[in-house]
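The next block holds one structure in the form of structure tokens; read it before the comments.
The values are calculated or read from the model by the stated rules, or taken from the named source; none is laboratory data. Being a predicted model, the structure only gives us computed values, none of them experimental. We place every Cβ from the backbone using ideal geometry, glycine too, and count neighbours over all the protein chains shown. Each accessible area value is taken on the protein alone, full model and side chains, heavy atoms only, with ligands, DNA and RNA left out. Shrake-Rupley method; radii C 1.70, N 1.55, O 1.52, S 1.80 Å.
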Amino acid sequence: MSTVAGAPKQRTPIRPARVLLHTFLVVTALAWLAPLLWALLAAMRPYAETSEKGYVSWPDKLTLDNFTNAFTQSDMTHYFVNTLIIAVPAVLLTLLLSSMVAFYVSRFDFRVNLSLLLLFTAGNLLPQQVIITPLYRLYLLIDLPGITMSGKLYDSALGLVLIHVAFQSGFCTFVLSNYMRSLPHELTEAALVDGASVWRLYWQIVLPLCKPAMAALATLLSIWIYNDFFWAIVLISTGENMPITSALNNLSGQYFTDPNLVAAGALLTAIPTLIVYFVLQRQFVSGLTLGANKG
């Protein structure tokens, strides 16, 4: 049925449910942004002003001095390097080992297939606080002379890398195994018929097809490991060896703490995680979408 030229288009009626949905989304977004905006406002105000007028007041002066002071006083560059030394190997090792286990349990059939996958998944559900004492004593007993600066697994970047790999491998194995199960089995069967080894099957055929899922997991792992505070406090005792999250303690004095300075330091530490997310945003979203469509 043809329409008359120049006739006004009919507008889609606005339904109350759609209005409620958009209202809910706007309110939720503001609720999530409110603490960030509040911290940004506090970081840009001098402490003398907030101590006199209070934080719930209109600012008279906005400055970036707190950001400069937080960056220099906390020696943030040094602790950024410490965090990279921990996060990069931990992410790469977790993805490598998890993909190997996921490949084995998803592409081969054997008796303990499901039990092995459940074991890795159950390990991820174990509360970290449960194993503080035995793990702390174990780290103190393991000597690594010439490998770590402390001579032990305790108080070393290697110790943090290993604990992150151990705790994050379960989740990554679960996600990658489900993703690999969605890949056509004809690919692996044809490669085996052509004489491909198991390693070549994993490295050159299956793993390249898992790039979207690997990118999504790499984004999550980078943010989780970067933001870790618990294990850094438990397993690191030397201030120079601590990652960036623990280094914020340098902004706290023994008798006085400037909350505005701490807020500026916290915002500075959040910048790398935002960069990682925005750089890998497309791969992250595509990985989640493919995983949902291939179930």
Where does each of 180, 242 land when they are ordered by accessible area, with a 1.4 Å probe and the largest first? 242, 180
Defining a contact as two alpha carbons under 8 Å apart and six or more residues distant in sequence, what relative contact order in percent does the chain show? 28 percent
Show 224, 38, 32 ordered by accessible area, largest first, where the area counts protein heavy atoms only and the probe is 1.4 Å. 32, 38, 224
Based on the mean of other Cβ atoms within 10 Å per residue, sort peptides 51-60, 152-161 so the most packed one is first. 152-161, 51-60
Taking N as the number of residues in the chain, the ratio of its alpha carbon radius of gyration to 2.2 N^0.38 Å works out to 1.32
Residues of the stretch 152-180 with backbone nitrogen within less than 17 Å of a virtual label 7 Å along the Cα-to-Cβ line of residue 132, please, listed as ranges. 155
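Could you give the size of the charge dipole of the stretch 19-85 about its Cα centre, using +1 on the Cβ of each K and R and -1 on the Cβ of each D and E, expressed in debye and rounded to the nearest 20?
Details: 3 positive and 5 negative charges, 34 e Å.
So the dipole magnitude of the stretch 19-85 works out to roughly 160 debye.
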What are the DSSP H helices in the chain that stretch 30 Å or more along their long axis, judged by alpha-carbon atoms, and whose average Kyte-Doolittle hydropathy comes to at least -0.5? 16-43, 76-107, 157-181, 259-279
Can you compute the FRET efficiency between residue 186 and residue 279 using 1/(1 + (r/R0)^6), with r the Cβ-Cβ distance and R0 = 30 Å? Round to the nearest 0.05. 0.30
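Please find the FRET efficiency linking residue 124 to residue 20, where r is the Cβ-Cβ separation and R0 is fixed at 30 Å, and quote it to the nearest 0.05. Can you show the working numbers first?
On the way: r = 37 Å, r/R0 = 1.23.
Between residue 124 and residue 20 the formula returns 0.25.
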Tell me the Kirkwood hydrodynamic radius of the stretch 217-282 in angstroms, computed as one over the mean inverse distance between distinct C-alpha pairs. 13.2 Å
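If you build the Cα gyration tensor of the stretch 120-216 and take the root of 5 times each eigenvalue, what three semi-axes come out, in whole angstrom, biggest first?
On the way: eigenvalues 271, 62, 23 Å².
That gives 37, 18, 11 Å for the three semi-axes.
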